[in-house]
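Undergrad: Below you will find the structure I want to go over with you.
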Amino acid sequence: MVPDKNGYFGGFGGKFMPETLMFAVQTLERVYHKFIQDKEFRKELNFYLNTYAGRPTPLYFAPNLSKKLKIKIYLKREDLCHTGSHKINNALGQILLAKKIGKRRIIAETGAGQHGVAVATVSALFGMKCAIYMGTEDIKRQRLNVYRMKLLGAEVVPVESGTRTLKDAINEALRDWVTNVQTTHYLLGSCLGPHPYPVMVRDFQSVIGREAKTQFLKIERKLPDYLVACVGGGSNAIGLFSPFYLDKSVRFVGVEAGGCGLNTGFHSATLEKGKPGILHGTKSYVLQDKKGQILSTHSVSAGLDYPGAGPEHSFYKDTGRAVYVSVTDKEALEGFRTLSETEGIIPALESSHAVAYLKKIPKHKTVIVCLSGRGDKDMEQAVKYIKINE
């Protein structure tokens, strides 16, 4: 799916930014469109994706979980990327663009810390100053990733405003960008924000789906019945889905954070329960009240704890190309434990939402699940919620 010249996917997208940032966004758009077609840029990006990030990642057939659920399950192992998640794909692409623009400093937001770690990593690699904004609630949940970011040389800036989670970290990062726009590139981590970020992040993450499609066809000699991925902002999901967009026989399922239940108010199911609105520079589905005020969110997984979703996902929802569902915290924790016990793979709590939904897939179907990250970062959370027999 290609957005129009103004960055709209149907009725969703655009760029709603203060005048002080519009020049930076327009410059990024111009540079992105120039270099994404440039053979030397693609060669350099592929060099780092392959030799540094560890691509291609395996498409692993999960025999034990497949037998248990009576469906054929393949895991796209983004958890095996350098830094432990798919976030490195986009971080490498954007920092190479930042070099082309002549920026010397990188800022980013992070929730679960995986994007923050990826940004800190590439900033260290390319010798750039780096500041990562992170809500204090997420800092408490993800202390290991906070340490990793600092070890990599990044400044971790605690955010005390609002709900002290991902939404508020983005707010503070945007304030920083306004102040330091001449020297600083905002390395946004998901497929949201003003154009060109949604399409740019999608394109950098589409390596997931391109690889998965080639790998699956080689193994099964046909296309899968389902693609399943968790959705917060939605970068891992759009990266998996987009290369299959024209393959209408393949069903897309995006799994949001149902938290304590959709009727409790403590969830992050934007595409199920939200309404069109504007948040962080783009028009998409947003969790908001009748007056348009952004609602608080909740999820056991910090990376899904966000009241918006990418505009391309919003377009997929309205056109019916994808179905968006949710699983609760309890179900996600069950998915976390089930994959660990059946396959010896500990997933991130974000990815565990996608794993948890697999029991609802019709029997005897074939499925590719995006295992977007590994669960090392979530051990402190797991200890709180999951009792292990000793």
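Undergrad: Which of (1) more than 19 Å from Gly102 (Cα to Cα); (2) at pLDDT 95 or above; (3) touching a Leu at 6+ places or on another chain (Cβ under 9 Å) does Lys167 not meet, given it meets every other one?
TA: It fails just one condition, (2).
Undergrad: Being in contact (Cβ under 8 Å) with a residue 12 or more places away in the chain and part of a helix (DSSP H, G or I) narrows it down to one residue among Ala169, Ala131; which is it? Step through it out loud before you land on a result.
TA: Numbers: Ala131 fails: part of a helix (DSSP H, G or I).
The match here is Ala169.
Undergrad: Additional query: Whether any residue in region 21-37 is in contact (Cβ under 8 Å) with a residue 60 or more places away in the chain and of a type in the set (Gly, Ala, Ser) is what I want to check. If you could, list the steps in order and put the result at the bottom.
TA: Start the filter on region 21-37 by keeping residues that are in contact (Cβ under 8 Å) with a residue 60 or more places away in the chain, which leaves 21, 23-25, 27-29, 31-33, 35-36.
Right, trim to of a type in the set (Gly, Ala, Ser) and you get 24.
Checked against the condition, which is being in contact (Cβ under 8 Å) with a residue 60 or more places away in the chain and of a type in the set (Gly, Ala, Ser), region 21-37 yields at least one hit.
Undergrad: Among (1) under 30 Å from Glu220 (Cβ atoms); (2) in contact with a strand residue (DSSP E or B) (Cβ under 7 Å, 6 or more places away or on another chain), there is one condition Phe16 misses while meeting the rest; what is its number?
TA: So the condition that Phe16 fails would be (1).
Undergrad: Being part of a helix (DSSP H, G or I) and more than 17 Å from the chain's Cα centre (by Cα) is the filter here, so list the residues in region 376-390 that pass it. Full working, then the answer.
TA: Within region 376-390, the subset part of a helix (DSSP H, G or I) is 376-385.
Across region 376-390, the qualifying residues are Asp376, Met379, Glu380, Gln381, Ala382, Val383, Lys384, Tyr385.
Undergrad: Name the single residue that is nearest to Glu380 (Cα to Cα) among those in region 135-161 being open to solvent by 20 Å² or more (accessible area, probe 1.4 Å) and of a type in the set (S, T, N, Q).
TA: Thr136
Undergrad: Suppose we filter region 325-375 for residues that are outside any helix (DSSP H, G or I) and under 15 Å from the mean Cα position of the chain (by Cα); how many remain? Steps first, answer last, please.
TA: Initial filter on region 325-375 (outside any helix (DSSP H, G or I)): 325-328, 344-348, 361-374.
Checking the rest, the ones that are also under 15 Å from the mean Cα position of the chain (by Cα) come to 347-348, 369-374.
Here the count works out to 8.
Undergrad: Given the conditions (1) in a loop (DSSP other than H, G, I, E, B); (2) within 26 Å of Ala154 (Cβ to Cβ); (3) not aliphatic (A, V, I, L, M), which single one is not true for Glu109?
TA: (1)
Undergrad: Out of the residues in region 5-48 that are more than 14 Å from Gln94 (Cβ to Cβ) and of a type in the set (Phe, Trp, Tyr), state the one that is farthest from the chain's Cα centre (by Cα).
TA: Phe23
Undergrad: For region 300-324, enumerate the residues that are over 21 Å from Lys87 (Cβ atoms) and part of a loop (DSSP other than H, G, I, E, B).
TA: Here is the first cut: in region 300-324, the ones over 21 Å from Lys87 (Cβ atoms) are 314-324.
Hits for region 300-324 are Gly320, Arg321.
Undergrad: To continue, here is another question. Report yes if some residue within region 320-336 is within 30 Å of Val178 (Cβ to Cβ) and open to solvent by less than 20 Å² (accessible area, probe 1.4 Å); otherwise report no. Before you say what the answer is, go through the steps one by one.
TA: Step one: list which residues in region 320-336 are within 30 Å of Val178 (Cβ to Cβ), which gives none.
Taking every residue of region 320-336 in turn, none turns out to be within 30 Å of Val178 (Cβ to Cβ) and open to solvent by less than 20 Å² (accessible area, probe 1.4 Å).
Undergrad: Within the bounds of region 204-216, is there any residue that is at pLDDT 95 or above and either aromatic (Phe, Trp, Tyr) or over 20 Å from Asp79 (Cα atoms) (or both)? Lay out the reasoning, then the answer.
TA: Narrowing region 204-216 to residues at pLDDT 95 or above: 204-216.
Subsequent filtering for residues that are either aromatic (Phe, Trp, Tyr) or over 20 Å from Asp79 (Cα atoms) (or both) retains 204, 216.
Yes.
Undergrad: Take the residues of region 337-373 that are in contact (Cβ under 8 Å) with a residue 60 or more places away in the chain, touching a strand residue (DSSP E or B) at 6+ places or on another chain (Cβ under 7 Å) and open to solvent by 30 Å² or more (accessible area, probe 1.4 Å): which is nearest to Tyr60 (Cα to Cα)?
TA: In this case the residue turns out to be Lys365.
Undergrad: To continue, here is another question. State whether the residues of region 244-261 include one that is among the hydrophobic types (A, V, I, L, M, F, W, C), assigned to a helix (DSSP H, G or I) and touching a residue at least 60 places away in the same chain (Cβ under 8 Å).
TA: No; the residues of region 244-261 include none that is among the hydrophobic types (A, V, I, L, M, F, W, C), assigned to a helix (DSSP H, G or I) and touching a residue at least 60 places away in the same chain (Cβ under 8 Å).
Undergrad: Please verify whether Thr297 is of a type in the set (Ser, Thr, Tyr), assigned to a loop (DSSP other than H, G, I, E, B) and either in contact with a His (Cβ under 8 Å, 6 or more places away or on another chain) or at pLDDT 95 or above (or both), treating the condition exactly as stated. Working first, answer last.
TA: Details: of a type in the set (Ser, Thr, Tyr): yes; assigned to a loop (DSSP other than H, G, I, E, B): yes; either in contact with a His (Cβ under 8 Å, 6 or more places away or on another chain) or at pLDDT 95 or above (or both): yes.
In short, yes.
Undergrad: Let me ask something else. Out of region 104-129, which residues are more than 15 Å from the chain's Cα centre (by Cα) and either of a type in the set (Gly, Ala, Ser) or buried (at least 24 other Cβ atoms within 10 Å of the Cβ) (or both)?
TA: Step one: filter region 104-129 for residues more than 15 Å from the chain's Cα centre (by Cα), giving 104-107, 120-129.
Matches in region 104-129: Ile106, Ile107, Ala120, Thr121, Val122, Ser123, Ala124, Gly127.
Undergrad: Here is a list of conditions, (1) assigned to a helix (DSSP H, G or I); (2) surrounded by fewer than 23 Cβ atoms within 10 Å (Cβ to Cβ), and Gln94 meets all of them except one; can you say which number that is?
TA: (2)
Undergrad: Give me the residue from region 56-72 that is buried (at least 18 other Cβ atoms within 10 Å of the Cβ) and in contact with a Leu (Cβ under 8 Å, 6 or more places away or on another chain) and, out of that set, farthest from Thr342 (Cα to Cα).
TA: Looking at residues that are buried (at least 18 other Cβ atoms within 10 Å of the Cβ) and in contact with a Leu (Cβ under 8 Å, 6 or more places away or on another chain), I get Thr57.
Undergrad: From the list His185, His195, pick out the single residue that is open to solvent by less than 40 Å² (accessible area, probe 1.4 Å), part of a strand (DSSP E or B) and touching a residue at least 60 places away in the same chain (Cβ under 8 Å). It would help to see each step written out before you state the result.
TA: Details: His195 fails: part of a strand (DSSP E or B).
Criteria check complete, one pass: His185.
Matching residues to (1) modelled with pLDDT of 95 or more; (2) farther than 30 Å from Thr342 by Cα; (3) within 19 Å of the chain's Cα centre (by Cα); (4) assigned to a strand (DSSP E or B):
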position: Tyr74; (1), (2), (3), (4): yes, no, no, yes
position: Ile88; (1), (2), (3), (4): yes, no, yes, no
position: Ala98; (1), (2), (3), (4): yes, yes, no, no
position: Asp138; (1), (2), (3), (4): no, no, yes, no
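Undergrad: Next question, about the same structure. It is to be established whether one or more residues within region 33-51 are buried (at least 22 other Cβ atoms within 10 Å of the Cβ) and among the β-branched types (Val, Ile, Thr).
TA: So far as region 33-51 goes, no, none of its residues is buried (at least 22 other Cβ atoms within 10 Å of the Cβ) and among the β-branched types (Val, Ile, Thr).
The values are calculated or read from the model by the stated rules, or taken from the named source; none is laboratory data. Since the structure is predicted, the reported quantities are computational estimates derived from the model, not experimental observations. Note: ideal-geometry Cβ built from the backbone for every residue, glycine included; neighbour counts use all protein chains shown. Heavy atoms of the whole protein, side chains included, go into the accessibility calculation; ligands, DNA and RNA do not. Shrake-Rupley method; radii C 1.70, N 1.55, O 1.52, S 1.80 Å.
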